[in-house]
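Colleague: This is the structure, below, for whatever I ask next.
Bear in mind that the values in this text are calculations on the coordinates, not laboratory data. Please read all numbers here as calculations on a predicted model, not as lab measurements.
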Amino acid sequence: MAITAMGMVQNNHVYLLAALLLTPSLVSANEWTFEPSIKTNETYSDNINYDSQDKESSFVNQTSLGLVTKYKSASTTYNIDFEAINATYSHDSAFNDIYYNLTSNAEVQLWTNGLSLIGTASINNEPRNTVNNIYADIVFGDTIQVERYSGGLAYSIDNSKYSLDTNLIYNITKSEDGIGESEGYSAILNSRSGSNSAPIFWDITNNYLERENNSSDGRSYQSEFKVGYITPYKFNPFIRYYDEGNSGNVGNGTTSESNSYGAGFRWLMATRLTLDLSYNIPVNDDSTDSDEEQDNYYDVNLSWQPTQRTSLNAGVSQRFYGDSYSFNLTHSNKRLTNTITYNESLQVFTRDNLNFLIGGDLCSFSDATTDCFALLQEALINDPQQDIPLVITEDESFSLYKTFSWNSVLNLRRTTFALNAERSDRENLATQIKSLRESLDFTVSRDVSRYSSVDLSATYTKTDDVIGFPQERNSQYRYYKMSYNRELNKTLTFDVSVSHLNRASNFADFVYKENRISFELKKVL
C-alpha cells in the first residue's frame, strides 16, 4: 500500500488522498486509526515581502484538508500524515496557490524474523534560496516543493553469536525547480560479534551511496573491518582494514580515496567500557587525484554504556581530507534527556550550491578566469557595497558536511523546557568554497489548565555563505514566538500566536523586521 501511495503522489496528489480514504476497507478496526480534519489559518504580516524600505502588509488565509492514519499488525505497520493547503493572499492574488505536505513510512515483515519491505515518502515546502531567506514559508511564499521517496529491503538479526543489519534502498528526490534532484541506490551491511562468539570477535561496517541526475553521477563508499582474537586478559588484539572512496563525473571527475591497514588491541577498561586503538598504514593509490599522501595514523574508538539509558561512542581517525572525528552521547532519566552528536559525511546533488549573477550571466566561483568574473571585479570596484545576487544552482560536486547537534529536554510536571543547538560546516571539495550555519533554539511549554497551554520560543540563527569571497554574505536572524493553544472540545482546537523576526546582514537589502499574528481553528472529522 505504501509503494502504491508513493507512486500516486508523484502523478496526482488527489489520487493519493482518495486512496487513503479507502484504507478502512483493507484493515481491521482494532489495528487502525483514521483521523481526517479540516483547518483554517488566518495570518497577518506587516512586512510580507521582507523589505526594509517599502513594507507591505497582507492577510494570508490557509484552508487545509488533512488526514492522519496509522495501521499496525503482527507483520505490517504504516503511518501517513497528509495535508493539502489552499493559500490566498490579500496583497496579490497572483501568489494564490495549493501546497501539499506528506510524511509517511511503512514496513512489511516478509518473514517472522529478518527480511522486511520498507518504504518512506515525504513532501516538504522548503526555502527556494536559503541565502535570501532561511525562514521562507507558505506565508512568505518563496518556497519550493521537494518530494522524496525511498523503498527497498531490510534484513536484521541479533542473537548471542552475532548481529547483522543490512538494507538495499532505492531513493528518489524531485524538486519543483529541478535543482537538487537525484535518484539511485544506497546500501549498508553491518555486523558485530556477540557475547558467545569466542574466541573470535569482529566489527564490520559498510556503506554505499549512488546518485545520478541526468548525465551526472556520483558514487561513494566507506568500509571498515576489524577482526580479533579474544584472550583471557583485558587486551584483545585485532587487525583493521579501512577503505573509502568516491567516484563519478561530478566535480569534473575528481576522485579521492582512503585505503589503509593496521593492527591494534581492544582494551576492556571496565564493564561496558571498551577502547579500540590501532596503528594504521595508508596505501596510497596513484589513480586518485589527491595531491597529498596520507601519513601513518592512529585510529581510536571509545564505547561506553554504563546504563540502559546512557551510551557514549567517540572516535578519532583519518580520512582522505585529513583528521576525522565522531561523537554520539545519549543520556536520559525520569525528567531530563540529552543527545549530543557530531558526524562528518559526504553529500552530492544538494540545494546548497551557490553561484552569482552579474550582468544577467550566471558565473561560477570555481573559475576566476571567466569574463563575467572580470566584470564582477569591475562592478565591485565601482560600487563595493552593491549586492551581487547569489543563486542556487545544480550541485554537481561532492561536499563535506561537518555537523554538530545538541538537544536537551527537561520535562517537569506541567512545564517542558527544550534547548537545541546546531552547527553545520560545508566545504565543496571541488571548489573549496565554504559555508556555515549555526542556530540556538530555546522553547518553554506550559500547561496552564487541563485544556490549554502556552508556548514561548526564542531562536538565534547565523549564516555565512561563500566565505572568503567579495560576495560573502552573513546574516543573523532573531526569531521570537508566543502561542496559546486551547482545546474547545474533543474534536475542536483553537490556536493564536504572535511572532517577531529581525534579520541583520552585511548587505542593506537583507536587513528587515517582520511581525505576525495568526489565528487557527482545527476540526477533527
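Colleague: Kirkwood Rh and Cα-based Rg: tell me the resulting Rg over Rh for segment 245-352, rounded to two decimals.
Modeller: In segment 245-352, Rg relative to Rh is 1.08.
Colleague: Follow-up question, since we're still on this one. Roughly how large, in nm² to one decimal, is the mean projection of the convex hull of the alpha-carbon atoms in the chain?
Modeller: 28.2 nm²
Colleague: May I ask you to list the lysines whose Cα is less than 30 Å away from that of K334, ignoring any residue fewer than eight positions away on the same chain?
Modeller: K70, K72, K481, K490
Colleague: Tabulate in residue order the Karplus-calculated ³J(HN,Hα) for segment 426-439, using 6.51 cos²θ - 1.76 cosθ + 1.60 with θ = phi - 60°, rounded to whole Hz; enter x for Gly and Pro.
Modeller: After applying 6.51 cos²θ - 1.76 cosθ + 1.60, I find 10, 10, 6, 6, 8, 10, 6, 6, 10, 9, 9, 10, 9, 8 Hz.
Colleague: Still on this model: Using the Karplus curve 6.51 cos²θ - 1.76 cosθ + 1.60 with θ = phi - 60°, work out ³J(HN,Hα) for each residue of segment 215-229 in order, rounded to whole Hz, and write x for Gly and Pro.
Modeller: 9, 9, 8, x, 10, 9, 8, 8, 9, 9, 10, 10, 9, x, 10
Colleague: Taking amide hydrogens as modeled 1.01 Å from N in the peptide plane, which residues meet the under 5 Å criterion relative to H91, leaving out close sequence neighbours?
Modeller: F59
Colleague: Membrane-span-like helices in the chain: DSSP H runs reaching 15 Å or more (Cα, own axis), mean Kyte hydropathy at least 0.0?
Modeller: 371-382
Colleague: For segment 162-226, what are Rg and Dmax over the alpha carbons, in angstrom?
Modeller: Spelled out, the Cα radius of gyration and Dmax of segment 162-226 are 16.8, 57 Å.
Colleague: Now a separate question. Mean separation of Cα pairs under 8 Å and 6+ residues apart, divided by the residue count of the chain: what relative contact order is that in percent?
Modeller: Worked out over the chain, it gives 9 percent.
Colleague: Can you list residues from other chains, or at least 5 along the same chain, whose modelled amide H is less than 5 Å from the amide H of I433?
Modeller: For I433, whose amide H was placed from the backbone, the distant partners under 5 Å are N428.
Colleague: Average projected area of the Cα convex hull of segment 367-450, in nm²?
Modeller: 9.7 nm²
Colleague: Here is a further query. Enumerate the calculated ³J(HN,Hα) couplings along segment 254-261 in order (Karplus 6.51 cos²θ - 1.76 cosθ + 1.60, θ = phi - 60°), each rounded to whole Hz, writing x wherever the residue is Gly or Pro.
Modeller: With the stated coefficients, segment 254-261 comes to 6, 10, 9, 8, 10, 9, 8, 9 Hz.
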